[in-house]
Structure formats: C-alpha cells, structure tokens
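Okay, structure first, notes after.
Computed from the coordinates by the stated procedures, all read-outs in this text should not be read as laboratory data. These numbers come from a predicted model, not from an experiment. Counting neighbours? That spans all protein chains shown, and the Cβs are built from the backbone with ideal geometry, glycine included.
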Amino acid sequence: MGDQPWLKEAAIVIGVTAEFDEAVQHFEAQPPHRERGARYVYMETGALAQNVHLQSSALGVGCVLVAGFNDSKVKEALRLPSDLEPTALLCIGQPRVV
Ligand SMILES: Cc1cc2nc3c(=O)[nH]c(=O)nc-3n(C[C@H](O)[C@H](O)[C@H](O)COP(=O)(O)O)c2cc1C
C-alpha cells in the first residue's frame, strides 16, 4: 500500500504466511473464542520478524518489515494455496544511505 520502493529494490523479500483458519480452529475452545488463534499467529509473525531483523543487523544488511499490503495481490504474487494467508513481508538488502 502506498509507495514502498524497498519492496522492489530489496535483494530478497521473505513472505511470511500462516494457516490462519487452522490456528483459529485449534484454539477455538479457549476464550476469547475465535480470537486466541489469531493472536498467536500475529505473535509468531512478530517474533519471526524480530529474529530476521536481528540476524540482518548482525550481517550488516538492511531489513524493513512491511505489513501494509493488499492481501489478495500478495497471495497471487506468491502463488499461495487458499489456506495460507500472508502476514508480513521482510525486505532485505543494502541499507539506503541517507
Ligand atoms: C507491525 C509493523 C508493520 C509495519 N509495516 C510497514 C509497512 O507496511 N511499510 C513500511 O514502510 N514500514 C512498515 N513498518 C515500519 C518498518 O518496518 C520500519 O520499522 C520503519 O521503516 C523504520 O525503520 P528504521 O527504524 O530502520 O528507519 C512496520 C513496522 C511494524 C512494527
């Protein structure tokens, strides 16, 4: 969404995905019903993104976490099966000197 040049300038873009419905169903019996699985998906995505950020810093490369995207277009671009939802994109490459 918007102008995000790092998406096309990055050396690699890691797409993070989740079996969202599976997670929601797995924790459905635990209150708040239908919310807990979704929380866990977002927590896992955040933890994963942080680890990629830490490793990028250790390697001296830049990393930008992007969560503002058109879900259906990302699903199409990554050729995701219908049960996988994109939760984040991690753009990795040479840090821009400003
Ligand atoms: C959950 C979350 C989602 C984000 N989504 C976007 C995004 O869609 N586009 C974007 O440019 N930055 C997004 N950011 C911010 C960038 O990942 C990054 O933190 C920001 O560009 C500042 O980077 P810097 O501190 O290295 O300058 C998001 C950050 C978080 C924590």
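Would you mind telling me which residue in Ala47, Ala77, Ala18 has the biggest mean-square fluctuation in a Gaussian network model of the chain, where springs connect alpha carbons within a distance under 10 angstrom?
Result for the chain, Cα springs under 10 Å: Ala77 fluctuates most.
I'd like the GluC sites (Glu not before Pro) in segment 32-98 restricted to DSSP loop residues with at most 13 other Cβ atoms within 10 Å, sorted by number.
Sites meeting the loop and neighbour criteria: Glu35.
Using the crude model of +1 on Lys and Arg Cβ and -1 on Asp and Glu Cβ, and no other charge, please compute the dipole size for the chain relative to its Cα centre, in debye to 20.
340
The chain: longest stretch without exposed trypsin sites (Lys or Arg not before Pro) (DSSP loop, at most 14 other Cβ within 10 Å), sites themselves excluded?
Answer - 35-78.
Quick one: which residues, 5+ away or cross-chain, put their amide H under 5 Å from the amide H of Gly62? H built at 1.01 Å from N.
When sequence neighbours closer than 5 places are left aside, the close amide H contacts are Gly93, Gln94.
Could you work out how far helix 36-59 tilts from the main Cα principal axis of the chain, as a 0 to 90 degree angle to the nearest 10?
It is inclined by approximately 20 degrees.
Name the residues whose placed amide hydrogens come within less than 5 Å of the amide hydrogen of Thr17, ignoring near sequence neighbours (fewer than 5 apart) on the same chain.
Hits under the 5 Å cutoff: Thr87.
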